[in-house]
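To start, the structure under review is shown below, and the notes come after it.
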Amino acid sequence: MQPLSSPSLFRTDPSPTPREAQEPRRRDLWLAVHLPNLPLEALPGGTARAPTVVAEPVRGQWRVVAANGRARSLGIVPDLPLSSAFALAHALNVLPRSAPAERAVLEALAEWAYSITPLVGVETEASLALEVERSLKLFGGLDPIKALLAEELGRRRLTFHASAAPTVSAAVWLARQRQPDALTPESLPARLGALPIAATGWPPDLRTMLEDMGVRTIGDCLRLPRSGLARRIGRERVRELEQALGLEPTLRTERQPTQRFRDRVELDAETAASDVLVGAAAVLIDRLVPVLRRRQAEIATLSLELEHLHRASTSTVLDFVRPCHERERLLDLVTDRIERLTLPAPAIAVALETGDFRPLSIEPPALFGGGAETPRAIALLERLRERCGAAGVLGIAAAADHRPERAWTSPGRRGALRPGACDGIPSVERPLWLLPEPLPLDSPEARAQYRPPLALQRGPERIESGWWDDGDVGRDYFVATAARGERLWVFRDHRDGVWYLHGLFG
Amino acid sequence: MGLEELLRSMRVWRGGSADLVQPAVPSGFAELDRYLPGGGWPRGALIEICLDHYGIGELRLLLAALARLVREAEPKKWIVWVAPPFVPYAPALAQHGIDLDCQLLVHPRSGGRKSALWTIEQAVRSGSCAAVLAWVRSADEVDLRRLQLAAEERGCPIVLFRPVAALASRSPAALRMRLTREAAATRVAIVKCRGRQPTEIGLAGLA
């Protein structure tokens, strides 16, 4: 390993620690996206027309973090104390800053960015970095990638600036200052040198200290003796500078794509119209489906949340019979559900969160024993369950039990396992209709329908069973004919001698 | 178009027993099939069976045809039972050779007639059903026409069980019958059917 003889920007001092040789490494090209208005755009009501600011408490005093166009035209700028802002604009809309909301926007954008490159990182609280060198060939250059980015960010209504550079930090700093790209490592010192210290995102007191020393740009910083600088601002900051220049490798932990999808869409105005809500949900589904496709995943549950302005949001959960990844199926079910929801108030935003991603199953589990069932059959099942409730849609199966009321079951149609081929099918003829509960023949309904006397045709068939659980029965079954010709399945209970109707021969 | 073809294509109504080509599933009762166009239950039509009492063989009439429809369907299709008055007893169905896996019972929760009719239409239009059996109290002509069209388009028979009083109102159903029981035989009155005269027959051993 040879000590690196780089164009030393730090005069004099030989560095105490030997530097490793920089192996010829494939060049990276990082595209950083900075969202200057993120605090405002991440919040509902942030894009309102009235002068609006986002404020947060800084050391006990509320200060403006971001202001919208109207507010800025009135002279309100970031870092202004809130009281001053109120002096400048009487009817000021103040929103407390929400770091989680901002993070959510960045995460959602990062998920989308996976369609461009597998190396994506959330770099600061308002910027994202994509490593695009390996994607240039696929997309045909940097400009098409920037165009895709512009389109997506426009759709999400976020203002942004994107810059490219060979290192991550350089790209982020350039983007923060709305500078054009610096495409080669050689241009980095000059380009970064021209940036003010504020571009680095270092804390304000550090910036103040450097300004007091007469250091205004990054270039000034780089001209200072390195060890002295390290003593003043810390070795960490010096390393940051070196990493930005590409002199030190930047170690980053690879961001893992999330196992869930969560996103929200804000509506232009409060509404309770289901077609508008369905439209918003469709936008979210259109964002979800490519993520699923890219991840080769499917989801089994989905939760929809409709946010209201002055009350808690309404949420509803959809469970799928079979895990789903198709757009049409998702849209159908979400539409059905939204149309059936009663909203306590108009909604201002729609949020969607999925359950955990599951790997795409190659072979769908068969609901029918053996045959492959079609997506249309599944779709019908889901639509019926949606309308009639899960308990309203059942299958039937035979069970091995002598007691007639237990000789059948209804597995809920959730892809339940088949109870196994029932070999307990009796040889004696059974009625096609069974009453859910045996009806005493003395009861008024039975008397009205099936006037006594009934002519007993066949029987008795004795069924005694169930002593091992609580369903002990001792009955004599007969086939009877009623006055109007109906064929009935009746029994006489041993214990009390009462006659019951249990079935009809349909 | 030749005369034979014209007659066969059901565009000309001929009184008397015309030999009409209409896809049908044999009911398993030769006596009944003789009087049904196509020799069985029509494959893509709305069938109304009106009855006032249950337990007179109303399901037995259909079972053989249902079993056959399920067997033929590739991939497997459902038989949907919408709001049946009692529980279709699984062992009995199995005794008649019906594939239990393909039966779907639906009980519309609320919404009465509208819900039931919606369910039937959804089932038929999904293309994943071999037949739909429904028990509906009342339905107006508009609803029935929609069901008839849906059944024709998808080739899926809809069997609607209604009270006998419904026969008094008009219906676009392709086949309308009334079932009653007399002595030990079930009387099947074919009140309306395409291309044939109304008749009444008695089937013994049905229930």
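The values are calculated or read from the model by the stated rules, or taken from the named source; none is laboratory data. Quick caveat: nothing in here was measured; it's all calculated off a predicted structure. Cβ atoms come from the backbone with ideal geometry, glycine included; neighbour counts cover every protein chain shown.
Key figures for this structure:
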| quantity | calculated |
| --- | --- |
| Filter result for residue A:194 (touching a residue at least 12 places away in the same chain (Cβ under 8 Å), surrounded by 17 or more Cβ atoms within 10 Å (Cβ to Cβ) and in the same structural domain as residue A:111 (by TED's automatic domain parsing)) | no |
| Subset tally (residues that are under 13 Å from the mean Cα position of the chain (by Cα) and either within 7 Å of chain A (Cβ to nearest Cβ) or more than 29 Å from residue A:378 (Cα to Cα) (or both)) for segment B:52-77 | 4 |
| Enumeration of residues in segment A:484-500 that are under 19 Å from residue A:444 (Cβ atoms) and within 10 Å of chain B (Cβ to nearest Cβ) | A:484, A:486, A:488 |
| Members of segment A:470-483 that are away from chain B (no Cβ under 14 Å) and outside any strand (DSSP E or B) | A:470, A:471, A:472 |
| Candidate set from segment B:34-54 (those that are surrounded by fewer than 18 Cβ atoms within 10 Å (Cβ to Cβ) and in contact with a helix residue (DSSP H, G or I) (Cβ under 6 Å, 6 or more places away or on another chain)); member that is modelled with the highest pLDDT | B:52 |
| Residue selected from segment B:179-207 under the condition in contact (Cβ under 8 Å) with a residue 24 or more places away in the chain and of a type in the set (Gly, Ala, Ser), by the criterion nearest to residue B:45 (Cα to Cα) | B:195 |
| Every pair of residues 6+ apart whose Cβ atoms lie under 9 Å, when the first sits in segment B:78-90 and is facing chain A (nearest Cβ under 9 Å) while the second is surrounded by 24 or more Cβ atoms within 10 Å (Cβ to Cβ) and polar (S, T, N, Q) | B:78/B:128; B:80/B:119 |
| Residue B:125 vs. criteria at pLDDT below 85 and closer than 25 Å to residue A:340 by Cβ | no |
| Residue count for segment B:97-144, restricted to those that are more than 20 Å from residue B:164 (Cβ to Cβ), more than 8 Å from chain A (Cβ to nearest Cβ) and among the small types (Gly, Ala, Ser) | 6 |
| Selection status of residue A:150, buried (at least 18 other Cβ atoms within 10 Å of the Cβ) and either more than 26 Å from the chain's Cα centre (by Cα) or farther than 14 Å from residue A:30 by Cβ (or both) | no |
| Matching residues, segment A:307-365, being part of a strand (DSSP E or B), among the hydroxyl-bearing types (Ser, Thr, Tyr) and more than 23 Å from residue A:257 (Cβ to Cβ) | A:314, A:315, A:316 |
| Residue in segment A:475-491 that is surrounded by the fewest Cβ atoms within 10 Å (Cβ to Cβ), counting only those that are touching a Gly at 6+ places or on another chain (Cβ under 9 Å) and within 20 Å of residue A:407 (Cα to Cα) | A:476 |
| Test set (1) buried (at least 21 other Cβ atoms within 10 Å of the Cβ); (2) in a loop (DSSP other than H, G, I, E, B) - residue B:161 fails condition number | (2) |
| Verdict on residue A:340 being in contact (Cβ under 8 Å) with a residue 12 or more places away in the chain and surrounded by fewer than 16 Cβ atoms within 10 Å (Cβ to Cβ) | yes |
| Qualifying residue in segment A:280-297 (condition: touching a residue at least 40 places away in the same chain (Cβ under 8 Å) and either at positive phi or touching a Cys at 6+ places or on another chain (Cβ under 6 Å) (or both)) | yes |
| Residue check, residue B:148 without any contact (Cβ under 8 Å) to a residue 24 or more places away in the chain and either buried (at least 18 other Cβ atoms within 10 Å of the Cβ) or within 12 Å of another protein chain (Cβ to nearest Cβ) (or both) | no |
| From the options B:134, B:130, B:116, residue that is in contact (Cβ under 8 Å) with a residue 12 or more places away in the chain and out of contact with any helix residue (DSSP H, G or I) (no Cβ under 6 Å at 6 or more places or on another chain) | B:116 |
